[in-house]
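Undergrad: Before I ask anything, here is the structure I am working with.
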Amino acid sequence: MRKFIILALMGLTLAGCGGGDTTVENPFFSQWDTPYGVPPFDQIEVTHYEPAFTEAMAKQNEEIAEITANKAMPGFGNTIEALDASGALLRKVSSVFFSMNGSMTNEDMQALARTMAPRLSAHRDGIKLNDALYKKVAAVFAQKDDLKLTGEQAMLLEETNKMFVRGGANLDLTGKEQLKKLNEELSLLTVQFGENVLKETNKFLMFSSVRVNKCQTKKSCSSLHIFRSKNDFV
């Protein structure tokens, strides 16, 4: 009996170790030791994307919280540069996912795109409509003429401020809530539009003039006749 209990406890311990931190197995949570940092596509599975997105958004939220919690006077470095540098993991995951979904998609990828679209929309709104963050950005923008910025820095400051203004930062609470709903709806419609375009593209068939005029077999001629009758093809 004692031996059985010991073996059972060992089994539970091993099971716990086997189901440990999934970030160890997720390629997005490790440095890519590949030529030019190319994603290791052979190691990335569809199941890796959602936990990577979740972790990436949480990490950027922490980075944003650090910026807003900074008691120092808002400056280009601790506000604009810090904001620009945030979300590195999210960019890493997004660049791979959306590239693959746009070029080598499947039903699982499309389903995940529909799942992630409203979540990513809400995440972006959480940044652009963050009052504390925008106040810091606006404070830096107000002193842009005195900061002696380089051309690149001035452009970054200009575009960052523009992103917030166009993203609804100056709206009242009611307007912000309406904008969030619209952005969520648009995010889903964008995914749906892409899927519709793909479906129509996949229906495209091409016949060479030789193939059309000289059917090779009776079966191919019959198939072409059916295609013509269904699609008014001449």
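Undergrad: Taking ASN130 as the residue in question, decide whether it is polar (S, T, N, Q) and either within 10 Å of the chain's Cα centre (by Cα) or surrounded by fewer than 19 Cβ atoms within 10 Å (Cβ to Cβ) (or both).
TA: no
Undergrad: Further question on the same structure: State whether the residues of segment 157-171 include one that is closer than 30 Å to VAL38 by Cβ, surrounded by fewer than 14 Cβ atoms within 10 Å (Cβ to Cβ) and among the hydroxyl-bearing types (Ser, Thr, Tyr). Before you say what the answer is, go through the steps one by one.
TA: First, the residues of segment 157-171 that are closer than 30 Å to VAL38 by Cβ: 159-160, 163.
Narrowing further to those that are surrounded by fewer than 14 Cβ atoms within 10 Å (Cβ to Cβ): 159.
If we keep only those that are among the hydroxyl-bearing types (Ser, Thr, Tyr) too, we end up with none.
No, that holds for no residue.
Undergrad: Only residues that are in contact (Cβ under 8 Å) with a residue 24 or more places away in the chain and more than 12 Å from VAL93 (Cα to Cα): list them for segment 42-69, please.
TA: LYS59, GLN60, ASN61, GLU63, ILE64, ILE67, THR68
Undergrad: I've got another one for you. Do we have any residue at all in segment 44-53 that's of a type outside the set (Ser, Thr, Tyr), at pLDDT 95 or above and within 24 Å of GLU159 (Cα to Cα)?
TA: Checking segment 44-53: not a single residue is of a type outside the set (Ser, Thr, Tyr), at pLDDT 95 or above and within 24 Å of GLU159 (Cα to Cα).
The values are calculated or read from the model by the stated rules, or taken from the named source; none is laboratory data. Being a predicted model, the structure only gives us computed values, none of them experimental. When we count neighbours, we look across all protein chains shown, and the Cβ atoms used for this are built from the backbone with ideal geometry, even at glycine.
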